[in-house]
Structures are given as structure tokens and as C-alpha cells.
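Read through the structure below, which is laid out as C-alpha cells, and then see the notes.
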Amino acid sequence: MRIVFAGTPEFAVPCLRAACAKAEVVGVYTQPDRPAGRGRGLTPSPVKLEAVQRGIPVFQPENFRSAESKAALRALKPDLMVVVAYGLLLPQSVLDIPEHGCWNVHASLLPRWRGAAPIQRAIEAGDRETGVCLMQMEKGLDTGPVLLAQSLAIGPEDTGGVLHDKLSELGAQVLADGLGLLRATVHLPPHPQPSEGVTYAHKLDKAEAKLDWSLPAPQLANKVRAFHPWPVAEAMLAGERVRIHAARALDESHSAALGSVLRAGRDGIDIACGQGVLRLVQLQREGGKPISAQDYRNARRDLLA
């Protein structure tokens, strides 16, 4: 079975490895090298690095609008194209090239959280369950029928980074199961997505990281977890802008001004919210490294004792 793999970030690397273990990966598509780091030098994607290490030909078109890009894909004679966080919407003319079409590994239980940031949006919304879907791709954004799905509980301490890693590995497992069945000529029945329950996981924006103390503490705690390790929640704390790496909500009533410091102790710094209290556990000052709330308190003698 000849597979073409399309993916870009670290999330897709375990799926590429799973594809290599189950079939012949004849080509890898990934986004063009982008500027990154302090020097802003062109940096290859994690998927490209993995493909080069394995000796797989790499293709990096800006898009598939040209006849040449489609001809190059057609020349690979793929039985199947596997797409995982590639970063491009594929036109129908590309979806039709492989014999078995194109499969997509998506990190949510569709139709909930279609789109770019399903992992973070699930945490932000307070979902207790997510998962991975193996989907037959259509022209629309994550609208295709589901071939296989596997659910996963979201732990109360799971951050965006932790859940990313869990779903990345789960995605590789689901893909491996699907490829094994396809190789065994077992038909995977497509299950059309229901029209009810559709939500969209819009791309993360750094401006969203600013916490609004008028919101309920549980909602703010979810944002802190969802936006870690990027873009990292930030807020004003006693006149200083800080980044918040870890926090938890306390079910506690108060009559204090929103955003004021209620307590600053060994266990954390408690902030008055629209509903309840947010306990800050790990913070980062401007230009500094993440530190415990206790270390921050020691550096800010002006906070409440």
C-alpha cells in the first residue's frame, strides 16, 4: 500500500511513524520552512525532519492550485493520502487523486471542535472528554464521515500541552488501526457527522491570553490550562503584568474588588474573581522565568501577608 503523508507540527510525527510501520510512505507533504527563533532563520517542520531522517521524499508546495503540484502528487501513485495537521485545505481535485481518497486524523470527537485548535478549545470550554477521529476527507472543514473514533478523558490538571501529547499518541494508534483494517481489505463504514453539536475551534490568538477578573474563577482556571504552553495566560497582579502558568479555582465567596489580592501564602496567591477565587500557583515576571507563587510573594513584599 502506497501512502502519501501530509502534516506539519510535532503533533503529526507519531502518525507519520505509524504510517511508516503499516505501509510504504512514498512521499511527505509539509508546510514550507518558516522563520523561527531569535535569528528568524528558516526552520523545517518537525514532520520534515522526521521524513528526511527516514529518507522519504519531501514536498513543500505553498498550495495545490497549480497543475504541476497536482501532477507531482499524481506521479506518486498513492493508494491513500493521510493528512494530520497539515495546515492547508485540500481541493476536491486533490482529494480525488488517491485510490482510497484522503484520511484525516483530527483531535476531537467530531462534530464538536472542528477547526484549528480543538485541543485547547476543549479545555477552555471545560469539556471532560475529547478524543480522536479518523475521518474520510471532504472539501469542507472537518465535515467528512468518521471511520474510527477513540475517546479520552480530560484530566482536571491537563494543560493544552499535556493533552496535545496524549492525543498525538492516541491519533497514531487510531491511524494504525485504520491502516491495518484497510490492508486486510476490511471495509471501514463511514459514519456521517450529525448536524447537531457542531462547534468550531478557532485558531488561538495571543490577545485571548489576557485574563478578565470579572469572569468566574473556574472559567479562568480553564483558560490558564488551555493556553499552556502557548500563548500562556497573563493578567495584572497588584500593578504588575505577569504570565500565569498554573492556577486553580476555589469555590469561595467574597465581597472584594475584582482582581484584588485576598491572600498571598505558601500555597498560592488568591485573586478575587467575578465568581469564586483564582489561586495562582506558578507565575512569571516580565523577563524572568516561571517561579512558584511563594517565590513571587517573597519578591513582592507589598502583597498581603
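The values are calculated or read from the model by the stated rules, or taken from the named source; none is laboratory data. Quantities reported herein were computed from a predicted structural model and do not represent experimental measurements. With ideal geometry, Cβ positions are generated from the backbone for all residues, glycine too; neighbour counts draw on all protein chains shown.
Please verify whether the stretch 192-206 includes one or more residues that are of a type outside the set (Ser, Thr, Tyr), closer than 21 Å to Gln282 by Cα and surrounded by fewer than 21 Cβ atoms within 10 Å (Cβ to Cβ).
yes
Here's a check for you: in the stretch 238-263, which residue that is closer than 25 Å to Ala226 by Cβ and of a type in the set (Gly, Ala, Ser) is modelled with the lowest pLDDT?
Here the residue is Ala238.
Is it true that some residue in the stretch 198-221 is hydroxyl-bearing (Ser, Thr, Tyr) and out of contact with any helix residue (DSSP H, G or I) (no Cβ under 8 Å at 6 or more places or on another chain)?
Yes, that holds for at least one residue.
From the list Gly131, Gly155, Gly161, exactly one residue is surrounded by fewer than 23 Cβ atoms within 10 Å (Cβ to Cβ) and without any contact (Cβ under 8 Å) to a residue 12 or more places away in the chain. Which is it?
Residue meeting the stated conditions: Gly155.
Restricting the stretch 17-68 to residues that are hydroxyl-bearing (Ser, Thr, Tyr) and more than 14 Å from Tyr86 (Cα to Cα), which is surrounded by the most Cβ atoms within 10 Å (Cβ to Cβ)?
Thr43
Need a quick list: helices (runs of 4 or more DSSP H) entirely within the stretch 13-93 having at least 2 residues that are under 23 Å from the mean Cα position of the chain (by Cα).
So the answer is 13-22, 46-54.
Do you know which residues across the stretch 139-152 are among the β-branched types (Val, Ile, Thr) and surrounded by fewer than 17 Cβ atoms within 10 Å (Cβ to Cβ)?
Thr143
So Gly87 fits all but one of (1) modelled with pLDDT of 95 or more; (2) on the phi > 0 side of the Ramachandran plot; (3) in contact with a strand residue (DSSP E or B) (Cβ under 9 Å, 6 or more places away or on another chain); (4) surrounded by fewer than 18 Cβ atoms within 10 Å (Cβ to Cβ); what number is the exception?
Every condition holds for Gly87 apart from (1).
Return yes or no: is Gly265 over 18 Å from Leu211 (Cβ atoms), over 31 Å from the mean Cα position of the chain (by Cα) and small (Gly, Ala, Ser)?
yes
Scan the stretch 181-190 and tell me whether some residue there is assigned to a helix (DSSP H, G or I), touching a strand residue (DSSP E or B) at 6+ places or on another chain (Cβ under 9 Å) and assigned by TED's automatic domain parsing to the domain that holds Ala107.
Looking for residues that are assigned to a helix (DSSP H, G or I), touching a strand residue (DSSP E or B) at 6+ places or on another chain (Cβ under 9 Å) and assigned by TED's automatic domain parsing to the domain that holds Ala107, one finds at least one in the stretch 181-190, hence yes.
If you take the residues in the stretch 164-180 that are hydrophobic (A, V, I, L, M, F, W, C) and either out of contact with any Gly (no Cβ under 8 Å at 6 or more places or on another chain) or not in a helix (DSSP H, G or I) (or both), which one is surrounded by the most Cβ atoms within 10 Å (Cβ to Cβ)?
Leu175
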